[in-house]
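First up is the structure itself, then whatever we jot down about it.
The values are calculated or read from the model by the stated rules, or taken from the named source; none is laboratory data. In this text the structure is predicted, and so the values were computed from the model without any measurement. Glycine gets a Cβ as well: all are built from the backbone with ideal geometry, and neighbour counts include every protein chain shown. Only protein heavy atoms, including side chains, enter the accessible area calculation; ligands, DNA and RNA are left aside. Shrake-Rupley method; radii C 1.70, N 1.55, O 1.52, S 1.80 Å.
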Amino acid sequence: MKKIGFLSFGHWAPSPSSGTRSASDALRQSIDLAVAAEELGADGAYVRVHHFARQLASPFPLLAAMGAKTSRIELGTAVIDMRYENPLYMAEDASAADLISGGRLQLGLSRGSPEQVIDGWRHFGYAPAEGETDMEMGRRHAQVFLEVIRGQGFAQPNPHPMFPNPPGLLRIEPYSEGLRERIWWGSGSNATAVWAAQQGMNLQSSTLKDDETGEPFHIQQAKQIRAYHAAWTEAGHAHTPRVSVSRSIFPLLDDRDRTYFGRGGKEQDQVGFLDEKTRAIFGRGYAAEPDRLVEQLSTDEAIAEADTLLLTIPNQLGVEYCCHVIEGILKHVAPALGWR
């Protein structure tokens, strides 16, 4: 059994061919899609966070709205770039959204990926400390966030407050119990997966990672997940971790599907460079008739290792079509693979 959810980048473009022509369209349709996905029986509604782009950016108002409109489905991010975040302010926003949803947030964090502008986090008021890289700054922000959402007091109270204080040091409010165990780290390498396990975070592994062995993507990703589980066991955490992987999967059920995705072109892994130093491998996409998809996906070692599958959806094709894709997988693919 696997949890199956969707992952939306929330693209929008002022073009006649786009079903999301404005930021308002992208946001409102994301809420509608979460509601519809819950009705279909999906387990999760996740959004990507990109700054300086015509995509979803500020996740917590959106997650809170999703939470107010749904009752069961998990609501998450994949991922929030921690280089841009004030950890304490984020803790307040995250806790508030989690309380509105009744404790359904699953927050994926990361140090981020190449962005639309040069050192965009500087425009948000953040800079690495002396001798620190931007990646290390992102991890530092994440560790502060993890500490303050534990709910323990750390701030010295004012001896003459405006309102009466409880005894002792004060914590960030509101506090949402259990949120700390629902934080994930988006990892692009084996080493960062091990670090996430050591920090007690769940693991999100996407459709790309550092090409560390030259093997097919799903094999490298499966090894990453196994390294994560080994590090988790060694760290001795009390609770059971979760692992998600992301895939582009499109059952070809009708003429629309064949028009959009039936022409092929993404059936092989791709290798490229994220920057001048980082060689990355990008996992293949899947588009075929359901019986063929079942055959192909049954050999994906990383999906087999994960408990959660996030389906990347073409949000600019509209809510109805994205629901069609999700429903096709839930009805025609997942049962045959034992995921349902």
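Regarding the stretch 193-200, can at least one residue be identified that is at pLDDT 95 or above, surrounded by fewer than 20 Cβ atoms within 10 Å (Cβ to Cβ), more than 30 Å from Val271 (Cβ to Cβ) and of a type outside the set (Phe, Trp, Tyr)?
Yes, the conditions are met somewhere in the stretch 193-200.
Given the options Tyr126, Tyr84, Tyr46, name the one that is among the aromatic types (Phe, Trp, Tyr), open to solvent by 30 Å² or more (accessible area, probe 1.4 Å) and under 29 Å from Leu274 (Cβ atoms).
It is Tyr126.
What tally of residues in the stretch 313-322 results from selecting those that are surrounded by fewer than 20 Cβ atoms within 10 Å (Cβ to Cβ) and in contact (Cβ under 8 Å) with a residue 40 or more places away in the chain?
4
What are the pairs, 6+ residues apart or on separate chains, where a residue within the stretch 69-81 that is open to solvent by less than 10 Å² (accessible area, probe 1.4 Å) has its Cβ under 8 Å from a residue that is among the hydroxyl-bearing types (Ser, Thr, Tyr) and part of a strand (DSSP E or B)?
Leu75/Tyr46; Gly76/Tyr46; Thr77/Tyr46; Ile80/Ser110; Asp81/Ser110
Quickly run through the stretch 264-295 and pick out the residues that are open to solvent by 50 Å² or more (accessible area, probe 1.4 Å) and of a type in the set (A, V, I, L, M, F, W, C).
Val271, Phe273, Leu274, Phe282
I'd like to verify a number: residues in the stretch 257-276 that are without any contact (Cβ under 8 Å) to a residue 12 or more places away in the chain, in a loop (DSSP other than H, G, I, E, B) and within 25 Å of Gln316 (Cα to Cα), how many?
Residues meeting the conditions: 2.
Output yes when any residue across the stretch 304-318 is over 26 Å from Arg182 (Cα atoms) and of a type in the set (Asp, Glu), and no when none is.
No, that holds for no residue.
Being on the phi > 0 side of the Ramachandran plot and touching a helix residue (DSSP H, G or I) at 6+ places or on another chain (Cβ under 9 Å) narrows it down to one residue among Gly318, Gly264, Gly338, Gly283; which is it?
Checking each option against the conditions leaves just Gly318.
Between residues in the stretch 141-169 that are closer than 28 Å to Arg182 by Cα and among the polar types (S, T, N, Q) and residues that are open to solvent by 90 Å² or more (accessible area, probe 1.4 Å) and assigned to a loop (DSSP other than H, G, I, E, B), which pairs lie under 9 Å by C-beta distance while being six or more apart or on different chains?
Gln152/Arg171
List every residue pair whose Cβ atoms sit under 6 Å apart, with the two residues 6 or more apart in sequence or on different chains, where the first one lies in the stretch 277-300 and is more than 18 Å from Leu208 (Cα to Cα) and the second, anywhere, is among the small types (Gly, Ala, Ser).
From the stretch 277-300, the pairs are Val294/Ala336.
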